[in-house]
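Here the structure comes first, spelled out in structure tokens, and everything after it is commentary.
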Amino acid sequence: MKFPQVIRHRKAEATIYGKSQKYPRYRLAYYVAGQRRIRSFATYGDVKTEVERVVRELASGSQSTALTGAQSRDALAALERLEFARQATGKRFSLLAAVSEFSEAVTRLNGRSLREAVEGYLTTFAVVRRKALAEAVSEFAASREPKAKA
């Protein structure tokens, strides 16, 4: 076989590089989201099945190949946390909306943690309830009564 091999599907393409003395593994290289990704495989069969899957995903417009394994695990965990928040509050947030709001809040906090800001807000937060004017006047008069006596 001649290497490098360029595998195409529609407009997507990936390159398979063969083994060499310096690097004894097959390599798969492709571009996704403007970045070059290189993965290595022990056998040619493994790299061939993976390249077929990758070029089909790239051709269909899928951006999932742009994520590393750790990034995809983080994204799935974040989506789970958003689902728990939806069940607790009844409000639905997208992952993008949650991350955008979080990053905006963190930049405005100047080094303080978000948890610290929330704790500070909750300690100074006051709930004001509406009262009838007559009731408020009678409470005020009752509180001032000791000061009116000589």
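The values are calculated or read from the model by the stated rules, or taken from the named source; none is laboratory data. Just so we're clear, the structure is a prediction, and the values are computed from it rather than from any experiment. Quick reminder, even Gly has a Cβ in these numbers, built from the backbone with ideal geometry, and neighbours come from all protein chains shown.
Please work out which residue is nearest to Arg37 (Cα to Cα), limiting yourself to the stretch 62-99 and to residues that are hydroxyl-bearing (Ser, Thr, Tyr) and surrounded by 12 or more Cβ atoms within 10 Å (Cβ to Cβ). Within the stretch 62-99, the match that is nearest to Arg37 (Cα to Cα) is Thr65. Whenever a residue of the stretch 84-109 is farther than 17 Å from Asp74 by Cβ, its partners that are assigned to a helix (DSSP H, G or I) and not acidic (Asp, Glu), lying with C-beta atoms within less than 6 angstrom and at least six residues away or across chains, give the pairs Arg92/Arg86; Ala105/Leu114; Leu109/Ala117. When every residue of the stretch 51-61 is checked against the conditions, at least one turns out to be surrounded by 12 or more Cβ atoms within 10 Å (Cβ to Cβ), under 25 Å from Val6 (Cα atoms), charged (D, E, K, R) and in contact with a strand residue (DSSP E or B) (Cβ under 6 Å, 6 or more places away or on another chain).
Taking the options Ala97, Ala126, name whichever one is over 25 Å from the mean Cα position of the chain (by Cα) and either assigned to a helix (DSSP H, G or I) or modelled with pLDDT under 90 (or both). Selected residue: Ala126, the only one of Ala97, Ala126 that is over 25 Å from the mean Cα position of the chain (by Cα) and either assigned to a helix (DSSP H, G or I) or modelled with pLDDT under 90 (or both).
Scanning the stretch 18-39 for residues that are hydroxyl-bearing (Ser, Thr, Tyr) and either surrounded by fewer than 11 Cβ atoms within 10 Å (Cβ to Cβ) or at pLDDT 95 or above (or both) gives Ser20, Tyr26.
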